[in-house]
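Engineer: A single structure is presented below for examination.
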Amino acid sequence: MSALNLIFIGPPGAGKGTQAEALVDEFDLAYLATGDMMRAKRKEDSDLGRKIAKIIAEGGLVDDEIVCAVVIERIEAEGADGFLLDGFPRTTGQADKLQAALQERGRSLTAVLLIEAPDDVIIKRLAGRRVCEDGHVYHVENNPPQQEGVCDVDGKPLIQRDDDKPETIQKRLDTYHDQTEPLVQRYEDEGLLHRFDGTRSPDEVGDHIRRTVRTLRREDDL
Ligand SMILES: [Zn+2]
């Protein structure tokens, strides 16, 4: 059985993290979320780790070359039997680097899973989030606390994080449209793209994704 090499793409708030959990469980994939990976890597006592820590300490941006090196290292360490990448590639430049690095290792992408949702749906979803300082999460519409503005668990006040403010979300969405959306067309042209409707319930989206990945695995086994 050959490995499933998958990429998740979609705007922030489309539900990739939620879906990833069930997916890596069922298909036994290494879940490689770039944000977590980079945070872990900079604390590591290695050449690459120190290099990243230094760039971040100086307020710089870690370039594509380095992010790709970290991703590939993790794919080699954990993803021999398949992986699900989340948060990388984000640009066509990163996609080129990933493709070249996989090719060198005799591997290629199996599929790209795109969870789509319009900006207004995402903003409504994320801007409704409220948290207490202990990290209990609510949503003003979908999961409201019993008393408005107060945590059910510990009675602490609920706040809207800066990340969840509409203007911050819109900025992240603009970046997604500018930088990441060109990837959608590219992967579509390469016949790798599968689209999922992120406005549906998480259960529905999850069922659809799992059915698709099962089919990919069967096709792969033939
Ligand atoms: Zn709380």
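Each reported figure results from applying straightforward, stated rules to the coordinates on display, with no laboratory input. Please read all numbers here as calculations on a predicted model, not as lab measurements. Cβ placement follows ideal geometry from the backbone for every residue including glycine, while neighbour counts extend to all protein chains displayed.
Engineer: What's the exposure ranking of LEU114, LEU173, LEU85, going from fewest to most Cβ atoms within 10 Å?
Structural biologist: Listing LEU114, LEU173, LEU85 from fewest to most nearby Cβ atoms yields LEU173, LEU114, LEU85.
Engineer: Given H placed 1.01 Å from N in the peptide plane, which residues other than close sequence neighbours of PHE88 have an amide H under 5 Å from its amide H?
Structural biologist: THR34
Engineer: Sticking with this one: What list of whole percents do you get for P(r) of region 72-157, with Cα-Cα distances grouped in 5 Å bins up to the one holding the largest distance?
Structural biologist: Bin by bin from 0 Å, the calculated values are 3, 11, 16, 13, 9, 8, 12, 12, 9, 5, 2, 0.
Engineer: With n ≥ 4 as the cut-off for DSSP H runs, can you work out [θ] at 222 nm for the chain, using -39500 (n - 2.57) per run divided by the number of residues, rounded to the nearest 500?
Structural biologist: About -15000 deg cm²/dmol.
Engineer: Please list, by residue number, every one of the trypsin sites (Lys or Arg not before Pro) in region 1-54 that is coil in DSSP and has at most 14 other beta-carbon atoms within 10 Å. Write out the running numbers ahead of the final one.
Structural biologist: On the way: sites: LYS16, ARG39, LYS41, ARG42, LYS43, ARG50, LYS51, LYS54; in loops: ARG42, LYS43.
Hits after loop and neighbour filter: LYS43.
Engineer: Within 10 Å of each candidate Cβ there may be at most 13 other Cβ atoms; applying that plus a DSSP loop requirement, which GluC sites (Glu not before Pro) in region 121-184 survive?
Structural biologist: On the way: sites: GLU133, GLU141, GLU148, GLU167; in loops: GLU133, GLU141, GLU148.
Sites meeting the loop and neighbour criteria: GLU133, GLU141, GLU148.
Engineer: For region 1-141, what is the largest minus smallest coordinate of the Cα atoms on each principal axis, given in angstrom and ordered from greatest to least?
Structural biologist: 48, 42, 27
Engineer: In terms of modelled amide H atoms, which long-range or inter-chain residues lie less than 5 Å from the amide H of VAL150?
Structural biologist: Here LEU158 satisfy the definition.
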